[in-house]
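Participant: My structure is below; once you've seen it, I'll send some questions.
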Amino acid sequence: MQATDLITLPDESIEISVSCEHSDVPLVHKKHPAHTTVIQVRNTVIGGDKVVVMAGPCAVESMQQIVTTAESIKKEGATALRGGAYKPRTSPYSFQGLGVQGLKILAEGRNKTGLPIITEIIDAQLVDVVSKYADIFQIGARNMQNFELLKAVGRTHIPVLLKRGMMSTIQELLNAAEYILSEGNPNVILCERGIRTFETHTRNTLDISAVPILKQLTHLPVIVDPSHATGIRELVLPVSRAAIAAGADGIIVEVHPNPDQALSDGPQSLDLKDFADFMRGIAPIVEAVGRTL
Ligand code: PEP
Ligand code: MN
């Protein structure tokens, strides 16, 4: 069954008609305009008035890297620490992550700062170990349709950041989220991280319209990853400003103390000073849309 909804933008000057297969996603679908899910993780609230900023390296590399990053981003106002301990790399010869050791390092970053930690889970068999450390599971673009993994995290109550697959439609993202909710876990955050197009100047193409469409179709928080969307650190701030203007509930951004030495995704990573500038750069847009940091 195809239904049609109206998007009303904040200034109410433009209305966009969007539709979705409601019957496929009964749990994910927004029932009425005020229907929103707010997710509390330790002291952080996702999907409320505040725009959340999750920041940290692509991959956990060392204790010093994580503690330095965590303390610096906390000082600048970040709301969560990200870092991959299990890395789904395109090449089998690339750094695959530190595994459990990486999770322990992230936990130390949390101890030192109080920031909740978000880390990627790449296999259903890792749910037990990753849930001992993670405050939020990340399901990466490559695993958006790993249905056994979706069901496994759905059987926990740990919030899940679900990234859109690089070649997935919005409807497929909604269906993937429905897998998690249908197992009993209502705490899902959707993430637009760019999709593959013919364009080669950027690593991916940020589908900015996915933000207001998802906000209209679902009650779930929606965040944007400008790092993987662009692959270029100079584009991270302008694209994030656009995402917040379009209604995103937050940003997940890669930050590394020394991006030139990073074991993964250095070219798209901000350094610690860049991150301070980034926070200052998004602040006026956050204010303009009537939200806070
Ligand atoms: C990441 O967050 O480092 C990552 C691998 O992201 P994505 O799944 O969006 O490529
Ligand atoms: Mn990365």
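What follows draws every value from the coordinates through simple rules; no lab data is involved. Quick caveat: nothing in here was measured; it's all calculated off a predicted structure. Every residue, glycine among them, receives a Cβ derived from its backbone with ideal geometry; neighbour counts consider all protein chains shown.
Participant: Taking the residues in region 31-48 that are β-branched (Val, Ile, Thr) and in a loop (DSSP other than H, G, I, E, B) as candidates, determine which candidate is surrounded by the most Cβ atoms within 10 Å (Cβ to Cβ).
Facilitator: The extreme case among them is THR37.
Participant: Let me ask something else. Determine if region 137-147 includes at least one residue that is surrounded by fewer than 15 Cβ atoms within 10 Å (Cβ to Cβ), away from ligand 1 (no atom under 13 Å from the Cβ) and not in a helix (DSSP H, G or I).
Facilitator: Scanning region 137-147, I find no residue that is surrounded by fewer than 15 Cβ atoms within 10 Å (Cβ to Cβ), away from ligand 1 (no atom under 13 Å from the Cβ) and not in a helix (DSSP H, G or I), so the answer is no.
Participant: Please work out which residue is farthest from ligand 1 (Cβ to nearest atom), limiting yourself to region 160-169 and to residues that are out of contact with any Lys or Arg (no Cβ under 8 Å at 6 or more places or on another chain) and touching a residue at least 24 places away in the same chain (Cβ under 8 Å).
Facilitator: VAL160
Participant: Just one of the numbered conditions (1) away from ligand 1 (no atom under 13 Å from the Cβ); (2) over 18 Å from the mean Cα position of the chain (by Cα); (3) part of a loop (DSSP other than H, G, I, E, B) is not true of GLN101; which one?
Facilitator: (3)
Participant: Suppose we keep only residues that are more than 23 Å from LEU149 (Cα to Cα) and hydroxyl-bearing (Ser, Thr, Tyr) within region 67-90. Which one would you say is nearest to ligand 2 (Cβ to nearest atom)?
Facilitator: The selected residue is THR69.
Participant: Restricting to region 240-259, and then to whatever is within 16 Å of ligand 1 (Cβ to nearest atom), buried (at least 24 other Cβ atoms within 10 Å of the Cβ) and not hydrophobic (A, V, I, L, M, F, W, C), can you tell me which residue is farthest from LEU190 (Cα to Cα)?
Facilitator: Of everything passing the filter in region 240-259, HIS256 is farthest from LEU190 (Cα to Cα).
Participant: Consider LEU220 carefully, then state whether it is within 22 Å of LYS50 (Cα to Cα) and within 16 Å of ligand 1 (Cβ to nearest atom).
Facilitator: no
Participant: Which of the residues belonging to region 250-293 are of a type in the set (Ser, Thr, Tyr) and not in a loop (DSSP other than H, G, I, E, B)?
Facilitator: The answer is THR292, and nothing else.
Participant: Another question, if that's okay. What residue, of ARG164, ARG142, ARG155, is among the basic types (Lys, Arg) and in contact with a strand residue (DSSP E or B) (Cβ under 6 Å, 6 or more places away or on another chain)?
Facilitator: Result: ARG164 is the single residue among ARG164, ARG142, ARG155 that is among the basic types (Lys, Arg) and in contact with a strand residue (DSSP E or B) (Cβ under 6 Å, 6 or more places away or on another chain).
Participant: Here's a check for you: in region 50-98, which residue that is part of a loop (DSSP other than H, G, I, E, B) and among the aliphatic types (A, V, I, L, M) is surrounded by the most Cβ atoms within 10 Å (Cβ to Cβ)?
Facilitator: Result: VAL60.
Residue-by-condition table, conditions (1) within 16 Å of ligand 2 (Cβ to nearest atom); (2) of a type outside the set (Phe, Trp, Tyr); (3) closer than 22 Å to ARG42 by Cα:
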site	(1), (2), (3)
VAL127	no, yes, yes
GLN138	yes, yes, yes
ARG142	yes, yes, no
THR156	no, yes, yes
